Structure formats: structure tokens, C-alpha cells
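To start, the structure under review is shown below, and the notes come after it.
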Amino acid sequence: MNMQTIRKPLAYLLAPLLTIVTLGVSVNAQAHKGHAGPNVEFIKNKAALKSMLPAGSKIVKRKQPLKKEAVAWAEKTYGVELDDKLYSYYLATDKRSKAVTGAAYVGKVNYRHGDLKFAVGIDANNQITEAAILGVNEKYVVDFEGNVGTGLIADYAGLSLKELTAKADELASSDKATREFAAAIRDAAVLLAAFIKTAD
């Protein structure tokens, strides 16, 4: 019996086993996510955006890929690695001059076995207007209430992008809730600045 003859039955035996293992991992990840409980909303998207974007401006929700030159700029200027993928964000422009007056991003990142929903806005000078924790899974509310806060987080308003990146670096060894939020806000704010810089 040659090796080829042995390999074929072995492959047929292993295929179902690999499928079971793969399904097990997927189901396990979903089960863990379920243990975190439902999402607890601290502030609604609309209210957060209203506080982040300038009143009287024209607000448009955009969905576009980030240009490669914007990716390179973000990394070179702020040390933030972004993907040249499709993003949704809000752009504010002056109704008369069409000049950009600000931008905002609403997103979520994985937090333990759940999600951290957040938002951040910047003005035309790339300063943070507001940063917010929109919601987290029920199990992790205590992490945020006891460390970062919930809803609008005053510590971030008014920071320049340079100050924000320095703050995120300082908080990199802090508790998980604080450091995850700081990193998410930094990346999203730099993303917005990259979009504004290369806006059509």
C-alpha cells in the first residue's frame, strides 16, 4: 500500500473533525458574547452627534474608502495605522462657503466578550469637540462607570490630535476600559482628520 492510498482515507476522516472543531470555535465565541448581556445605551447617537457637530452647518453622512495617501499621512503624522477600507462618517460644511466645519464618527470595537460603542467629533482645526461612550454590554457597565465614565467624556473635549495621541499613549498601561476607549477615540479622530485632509 503506497502513501497516496493511505492519505486519501485519512483526509476523509479528518475533514469532518476539522468542521466540528471550526463550528465549535464559532459557537463558543457567540456563547461568550451572549454572556455579556444586552447593550446598555448611555446616550443616543443623535444626541451625541448634535453635541459634536457645529450648529447651523450642513451635515452629510458619507460612506467612502480611505485613500492610500491618507493612510500614509495618518501613520507618518500620528503613528496611527488605518485601513484603506470603506468607512461611514458625518461631515459638516458651511452652508454658504461649503468649507468643512467639522466631522464625527460613530463606531464600535470589541470589548472583552461584547462591544464598546463610541463616538467622537472634531472641528475644522482637528480639535476634539466631544468624545462619548454610547453604550456597552450590561456586564461591563461597572468597568466604565468606575473608570472612564459614561455618555460624554469631558476629559477629551478641546484636545488637539497631538494631545490626544499622547493621552492614548499615557493610558496604554491603564485599566482595560480606559485604554480601549482612548485608543478607539484616537484612531477615529485621526481617521476623520485624514478624510478631511483628502476631501474632494
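Which whole-number value in Å² is the accessible area per residue of the stretch 29-153, probe 1.4 Å? Mind dumping the intermediate values first?
Working: 6940 Å² over 125 residues.
Value returned for the stretch 29-153: 56 Å² of accessible area per residue.
Measuring against 22 Å, Cα to Cα, the residue pairs K44/K108; K46/K68; K63/K108; K44/K162 contain K46/K68; K44/K162 as the ones spanning a longer distance.
For D94 and K44, what does the FRET efficiency come to when R0 = 35 Å and r is the distance between their Cβ atoms, rounded to the nearest 0.05? Kindly include the intermediate steps, with their values, before the conclusion.
On the way: r = 26 Å, r/R0 = 0.75.
Computed FRET efficiency for D94 and K44: 0.85.
Roughly speaking, to the nearest percent, how much of the stretch 49-200's 1.4 Å accessible area is carbon and sulfur? Carbon with sulfur: 45 percent of the solvent-accessible area. Can you work out the FRET efficiency for the pair N110 and K76, with r the C-beta to C-beta distance and R0 = 30 Å, to the nearest 0.05? Once rounded, the FRET efficiency stands at 0.65. Entry note, the stretch 73-157: relative contact order of 18 percent, from Cα contacts under 8 Å with a spacing of 6+ residues.
The values are calculated or read from the model by the stated rules, or taken from the named source; none is laboratory data. Bear in mind the structure is a predicted one, so any value in this text is a computation, not a measurement. No Cβ is skipped: glycine too gets one built from the backbone with ideal geometry, and neighbour counts run over all protein chains shown. Ligands, DNA and RNA are excluded from the accessible area calculation, which covers all protein heavy atoms including side chains. Shrake-Rupley method; radii C 1.70, N 1.55, O 1.52, S 1.80 Å.
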